[in-house]
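The values are calculated or read from the model by the stated rules, or taken from the named source; none is laboratory data. Keep in mind the model is a prediction, meaning the values are calculated, not measured. With ideal geometry, Cβ positions are generated from the backbone for all residues, glycine too; neighbour counts draw on all protein chains shown. What goes into the accessible areas is simple: the full protein's heavy atoms, side chains included, and nothing from ligands, DNA or RNA. Shrake-Rupley method; radii C 1.70, N 1.55, O 1.52, S 1.80 Å.
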Amino acid sequence: MNKFFQMLKKDHEEVKGLLGQLKEAKGNGAKKREELFQKLTEELVPHMKSEESTFYPPLLAAKEAREDAMEGVEEHHVAEMVLKELEKMPKGEDQWGAKMSVFKELVEHHIKEEEGKIFKSAEKALSQDEFEKIMKQFEQEKQRIKKDLK
Ligand SMILES: [Fe+2]
């Protein structure tokens, strides 16, 4: 399997794990939620931003992949908006739990689409050399953003 896809899937698994833990953190008070949410942000934000700057642009430029990629970008946008709301809101409130639940569904849906439709059209649109290049850029960009977040 495509090495770049494997790399993205590994990140996706990490994110899904944290989302699952956040759902379980219901009764454990705000502190656990704060801690897990921080971890989630540190994983998800660099991942999404790196995808947006390295993976999505070549897809948007390729006619076989453009439509699916446009949807993916919009899903990122919605996820980023909800993430900002979650960040601002007190973690102990019921509404936070409800919003997190919706966010989890949103992100899980996006991951499913990305690993399905988007990977498929990316394989049609990009050459092996292009994947190699994107993979390197993605990893560099992700590390850079992770550092900036700290
Ligand atoms: Fe994504």
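Based on what the data block shows, is Glu14 outside any helix (DSSP H, G or I), touching a residue at least 24 places away in the same chain (Cβ under 8 Å) and open to solvent by 20 Å² or more (accessible area, probe 1.4 Å)?
Numbers: outside any helix (DSSP H, G or I): no; touching a residue at least 24 places away in the same chain (Cβ under 8 Å): yes; open to solvent by 20 Å² or more (accessible area, probe 1.4 Å): yes.
Taking the combined requirement at face value, the residue does not satisfy it.
Tell me which of these Ala79 doesn't satisfy, since it passes every other one: (1) closer than 28 Å to Leu36 by Cα; (2) open to solvent by 60 Å² or more (accessible area, probe 1.4 Å); (3) in a helix (DSSP H, G or I).
The one condition Ala79 does not meet is (2).
Being surrounded by fewer than 17 Cβ atoms within 10 Å (Cβ to Cβ), in a loop (DSSP other than H, G, I, E, B), more than 15 Å from the ligand (Cβ to nearest atom) and not hydrophobic (A, V, I, L, M, F, W, C) narrows it down to one residue among Gly92, Gly20; which is it?
Numbers: Gly20 fails: in a loop (DSSP other than H, G, I, E, B).
Step by step, each of Gly92, Gly20 is checked, and only Gly92 is surrounded by fewer than 17 Cβ atoms within 10 Å (Cβ to Cβ), in a loop (DSSP other than H, G, I, E, B), more than 15 Å from the ligand (Cβ to nearest atom) and not hydrophobic (A, V, I, L, M, F, W, C).
I'd like the full set of residues that are within 16 Å of the ligand (Cβ to nearest atom), over 17 Å from Phe103 (Cα atoms) and open to solvent by less than 50 Å² (accessible area, probe 1.4 Å), limited to region 23-62.
Answer for region 23-62, where residues must be within 16 Å of the ligand (Cβ to nearest atom), over 17 Å from Phe103 (Cα atoms) and open to solvent by less than 50 Å² (accessible area, probe 1.4 Å): Pro46, Ser50, Glu51, Thr54, Phe55, Tyr56, Pro58, Leu59.
Can you name every residue in region 112-129 that is open to solvent by less than 80 Å² (accessible area, probe 1.4 Å), away from the ligand (no atom under 15 Å from the Cβ) and either without any contact (Cβ under 8 Å) to a residue 12 or more places away in the chain or assigned to a helix (DSSP H, G or I) (or both)?
From region 112-129, those open to solvent by less than 80 Å² (accessible area, probe 1.4 Å) are 113-116, 118-119, 121-122, 125-127; that's our starting set.
Restricting the remaining residues to those that are away from the ligand (no atom under 15 Å from the Cβ) gives 125-127.
Listed by number, the residues that qualify are Ala125, Ser127.
Find all pairs meeting these conditions: Cβ atoms under 6 angstrom apart; at least six residues apart or on different chains; first residue within region 29-41 and within 13 Å of Lys146 (Cβ to Cβ); second residue open to solvent by less than 90 Å² (accessible area, probe 1.4 Å).
Lys39/Leu18
What about Lys142, is it open to solvent by less than 90 Å² (accessible area, probe 1.4 Å) and modelled with pLDDT of 95 or more? Steps first, answer last, please.
Numbers: open to solvent by less than 90 Å² (accessible area, probe 1.4 Å): yes; modelled with pLDDT of 95 or more: yes.
Yes, satisfied.
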